[in-house]
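The structure under discussion appears below in the form of structure tokens.
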Amino acid sequence: MSDIVASLRNSRENIYGTMAIVFGALLWVLVGFVIWGAIKSGNTQIIEGITLYVVYGLAIWLFYIISGVIYRATAFGNMLLLGPGQFPELHALVVAGAGELGLSPAPRTFLYNSNGLFNAFARRLMGGRYVFLTSALVDANDDEQVRFVIGHELGHHAAGHLNPWLNFLKMPAYVVPFLMPAYSRSREYTCDSIGAHLSQDPVASRSALQMLGCGCRRLNQTMSCEAFVAQEAMVPPIAGFVAEIFRSHPRLTRRVAAIRDGVRSRSTRRA
């Protein structure tokens with residue numbers, strides 16, 4: 001992990017991530033004790049139940065592997081792989097960002113037709129790093145905004161969010177109410193900070209997030225970040241809290257405000 005990622009990691013991600021690891025490890029140990037106790041006592045009912053869950057787990061793992069293989073085949077056969085000979089400008093943004101974050105080689109990045117859907121995401125497929133960008137998102141944003149989006153997705157790889165072994169360790173922590181959604185939201189803040197750092201353009205970074213809500217290329221250059229952030233005060237406190245605690249992503253007004261506040265904080269420290 002690079003020093004850049006460590007310095008930009010959201011403080012709440014460190015807290016929630018540690019909690020997820022601790023709870024996950026404890027619950028895995030508890031499962032191990034239950035299995036050992038059942039085997040030692042010869043309790044056939046518990047052993048049969050455990051065997052059933054193991055079979056379910058193996059089936060899910062096998063489905064995950066097969067779906068990854070199929071998705072990768074679909075990507076290579078139907079999407080456009082960025083490279084020196086295919087949209088070299090976009091490819092250069094990926095390579096430059098990956099290099100600054102210490103990712104070598106750079107994740108393979110695909111552009112695909114989303115039929116108007118705005119999205120971008122990072123995935124680990126068969127041990128390889130991948131980034132996927134939708135055509136609608138690239139079409140609606142300018143180059144600096146796209147640089148932020150690419151930086152955000154590279155951030156998921158650089159920050160270890162897609163580490164399969166760590167995620168397996170944390171998996172039992174999903175039984176802890178609201179913990180894993182809160183952890184996921186904190187990771188999004190981390191990646192927003194990484195994207196803003198790589199873009200070196202806080203205005204473009206904030207407006208790239210706003211475009212997820214606006215989605216209108218014609219109005220891109222006239223969006224007001226301050227007016228959008230001001231909408232946060234109009235969110236009903238209780239309803240806003242309830243709506244967010246189940247979500248994997250923070251609401252956009254908060255994400256835009258976090259980038260603004262982060263830039264101001266770093267500027268104050270430098271001064």
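Given Cα pairs under 8 Å that are at least 6 residues apart, what percent is the relative contact order of the chain?
Details: 321 pairs, mean separation 58.8, N = 271.
Answer for the chain is 22 percent.
Measuring with a 1.4 Å probe in the full set of protein chains, what accessible area per residue, in whole Å², belongs to the stretch 67-131?
In whole numbers, the stretch 67-131 has 53 Å² accessible per residue.
Put Met19, Met126, Met234 in order of accessible area, largest first, 1.4 Å probe: what do you get? List each step's numbers first, then the result.
Values: Met19 75, Met126 100, Met234 150 Å².
So the residues, ranked largest to smallest area, are Met234, Met126, Met19.
Which of Gly215, Gly128, Gly102 moves most in a GNM of the chain, Cα contacts under 10 Å?
Gly128
If one takes the longest principal axis of the Cα atoms in the chain, at what angle in degrees, from 0 to 90 and to the nearest 10, does the Cα axis of helix 44-78 lie?
In the chain, helix 44-78 runs at an angle near 30 degrees to the longest axis.
Given springs between every Cα pair under 10 Å in a Gaussian network model of the chain, which of Ala96, Ala196, Ala20 has the largest fluctuation?
Among Ala96, Ala196, Ala20, the largest GNM mean-square fluctuation belongs to Ala96.
Past the 18 angstrom mark, what percentage of all C-alpha to C-alpha distances in the stretch 113-271 do you count?
63 percent
Just to make sure I understand: if all protein chains stay in place, what is the order of Leu125, Leu166 by accessible area at 1.4 Å, largest first?
The most accessible residue leads, giving Leu166, Leu125.
How long are the three semi-axes of the equivalent ellipsoid for the chain, computed from the Cα gyration tensor as the root of 5 times each eigenvalue, in whole Å, largest first? Numbers along the way, then the final one.
Details: eigenvalues 264, 116, 62 Å².
For the chain, the semi-axes come out at 36, 24, 18 Å.
Between helix 143-158 and the chain, what is the angle of the helix's C-alpha long axis to the longest principal axis, kept within 0 to 90° and rounded to the nearest 10?
20 degrees
How much FRET efficiency would the formula 1/(1 + (r/R0)^6) give for Met126 and Ala227, where r is the Cβ-Cβ distance and R0 is 30 Å, rounded to 0.05?
The computed FRET efficiency comes out at 0.10.
Run the accessible area of the chain with a 1.4 Å probe and give the carbon-and-sulfur part as a rounded percent.
64 percent
Applying the Karplus parametrisation 6.51 cos²θ - 1.76 cosθ + 1.60 with θ = phi - 60° to the phi angles of the stretch 237-253, what ³J(HN,Hα) value in whole Hz is obtained for each residue in order, glycine and proline being reported as x?
Residue by residue, the stretch 237-253 yields x, 5, 5, x, 5, 5, 5, 8, 5, 9, 8, 7, 10, x, 5, 4, 4 Hz.
Tell me the Kirkwood radius of the stretch 150-244: reciprocal of the mean inverse pair distance over distinct alpha-carbon atoms, in Å. Intermediate values should be presented prior to the final figure.
Numbers: mean 1/r = 0.0641 Å⁻¹.
Roughly 15.6 Å, rounded to one decimal.
The values are calculated or read from the model by the stated rules, or taken from the named source; none is laboratory data. Just so we're clear, the structure is a prediction, and the values are computed from it rather than from any experiment. Reconstructed Cβ throughout: ideal geometry from the backbone, glycine too, with neighbour counts over all protein chains shown. Remember, those area values only see protein heavy atoms, side chains included, never the ligands or the DNA or RNA. Shrake-Rupley method; radii C 1.70, N 1.55, O 1.52, S 1.80 Å.
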